[in-house]
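*Asks:* First the structure, then my questions, so here it is.
The values are calculated or read from the model by the stated rules, or taken from the named source; none is laboratory data. All figures in this text were calculated on a predicted structure; none of them were measured in a lab. Ideal geometry is used to build each Cβ from the backbone, glycine not excepted, and the neighbour counts take in all protein chains shown. Please note that ligands, DNA and RNA were not included when accessible areas were found on the heavy atoms of the full protein model with its side chains. Shrake-Rupley method; radii C 1.70, N 1.55, O 1.52, S 1.80 Å.
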Amino acid sequence: MLHPRILIAPTPAEAGRLAADQFEALIQAKPACVIGLATGSTPLHLYRELIAREKAGKLDFTRVRSANLDEYKGLAPDHAQSYRRFMQENLFDHICIKPENTIVPDGLAEDVSAMCQAYEKQIEDWGGVDLQLLGIGHDGHIGFNEPCDHFPTMTHEVALTQMTREANKRFFASIDEVPAAAFTMGVGTVMAARKIVMLITGADKHEIMRKAFFGPVTPEVPASILQFHPDVTLICDAAAWGE
Ligand code: PGA
């Protein structure tokens, strides 16, 4: 069992700055790096910090390529709740990254298997992910890999659990509007990243953080697989860490 590097910050904003430090170090060392990005509330401080650092001249996204973890099935890229739109509004529209260098699974894909294979191939053609950002769901999901009886390897379609749909309904008019399915990188896709940064904030994530990093490795807690990754940095705010 390998152990993550653990960084604890007093606040979510400070946790975002620590995560930004990881991206800054990578982009300075490898300007044409490949980053894996995530949506949700947790990375917002990080994204604001990355935007500010590029504006301040500390970072340059011109040559960076990015692949997002997941997308809701059935949502068009410009849908208010699509993850493509989230990324545009919260990061891509404010930095110098080239549109053709950003990929998000296509929520409207008709040939799901072809789309998923092409997604994997694009990441491979770019040379693999250098730094993958992850959040964690209350059920231990990473991307949209929900608890199940195995660790899915490649990008694939998943049915969302009731817990995830409940957690995400805050962004929709009602739970009925939360898509029932999504496309997500597999656990194998995530584990292939050379370096992983998991950002966890809020007391409501304390219990799942303990299970994922200090409990048994099981597909019932998909994030627990990270215990087998050789380069994981876990960044928690004090509330998630339990102080
Ligand atoms: P959150 O989502 O950052 O909105 O809590 C995390 C996740 O579900 O992976």
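*Asks:* Over the chain, give the accessible area per residue in Å² for a 1.4 Å probe, as an integer.
*Replies:* I get 43 Å² per residue for this part.
*Asks:* Shifting gears a bit: Assuming 0.36 nm per residue, please report the length gained on full extension of the stretch ALA118 to MET163 beyond their Cα-Cα distance. List each step's numbers first, then the result.
*Replies:* Numbers: separation 45, 0.36 × 45 = 16.20 nm, distance 2.96 nm.
Once the chain is fully extended between ALA118 and MET163, it gains 13.2 nm.
*Asks:* Taking the Cα centre of region 9-160 as origin, sum charge times position over the Cβ atoms of Lys and Arg (+1) and Asp and Glu (-1), and report the length of that vector in debye to the nearest 20. All intermediate terms of the calculation are to be shown ahead of the outcome.
*Replies:* Values: 13 positive and 23 negative charges, 135 e Å.
Dipole size: approximately 660 debye.
*Asks:* With a 10 Å radius around each residue's Cβ, average the other Cβ atoms per peptide and rank 8-18, 111-121, 183-193, highest first. Don't skip to the end; give the middle numbers.
*Replies:* On the way: 8-18: 18.6, 111-121: 15.6, 183-193: 23.1.
Taking the mean over residues of other Cβ atoms within 10 Å, the ranking is 183-193, 8-18, 111-121.
*Asks:* Enumerate the calculated ³J(HN,Hα) couplings along region 140-155 in order (Karplus 6.51 cos²θ - 1.76 cosθ + 1.60, θ = phi - 60°), each rounded to whole Hz, writing x wherever the residue is Gly or Pro.
*Replies:* With the stated coefficients, region 140-155 comes to x, 5, 10, x, 10, 6, 8, x, 7, 9, 8, 9, x, 8, 9, 4 Hz.
*Asks:* List the lysines whose Cα sits under 26 Å from the Cα of LYS211, skipping any in the same chain fewer than 8 residues away.
*Replies:* Here the lysines satisfying the reach criterion relative to LYS211 are LYS169, LYS195.
*Asks:* What are the extents of the Cα atoms of region 34-173 along their three principal axes, listed from largest to smallest and rounded to whole Å?
*Replies:* Each principal axis gives a Cα extent; for region 34-173 these are 45, 34, 26 Å.
*Asks:* Give the dimensionless ratio obtained when the Cα radius of gyration of region 132-223 is divided by 2.2 N^0.38 Å.
*Replies:* On the way: Rg = 13.1 Å, N = 92, 2.2 N^0.38 = 12.3 Å.
In units of the 2.2 N^0.38 Å rule of thumb, it is 1.07.
*Asks:* How much length would be gained if the chain were fully extended between ALA173 and HIS3, taking 0.36 nm per residue of separation minus their Cα-Cα distance, in nm to one decimal?
*Replies:* Working: separation 170, 0.36 × 170 = 61.20 nm, distance 4.09 nm.
Taking 0.36 nm per residue and subtracting the Cα distance, the gain is 57.1 nm.
*Asks:* Shifting gears a bit: In 10 Å bins starting at zero, report the fraction of Cα pairs in the chain per bin as a rounded %.
*Replies:* Going from the shortest bin to the longest, the percentages are 8, 34, 40, 18, 1.
*Asks:* Moving to a separate point now. Given an 8 Å cut-off on Cα distances and at least 6 residues of separation, report the relative contact order of the chain as a percent.
*Replies:* Values: 499 pairs, mean separation 64.0, N = 243.
So the answer I get is 26 percent.
*Asks:* Can you tell me which of 35-45, 225-235 comes out highest on packing, and rank the rest after it, using the mean Cβ neighbours within 10 Å?
*Replies:* Top of the packing list down: 35-45, 225-235.
*Asks:* Once every DSSP H run of n ≥ 4 in the chain is given -39500 (n - 2.57) and the sum is divided by its residues, what mean residue ellipticity at 222 nm do you get, rounded to the nearest 500 deg cm²/dmol? Before the final figure, lay out the partial values.
*Replies:* Details: 8 runs with 77 residues, N = 243.
When only DSSP H runs of four or more count, the value is -9000 deg cm²/dmol.
*Asks:* Counting only residues 5 or more places away or on other chains, whose amide H sits under 5 Å from the amide H of ALA67 once H atoms are built in the peptide plane?
*Replies:* ILE35, GLY36, LEU37, ILE103
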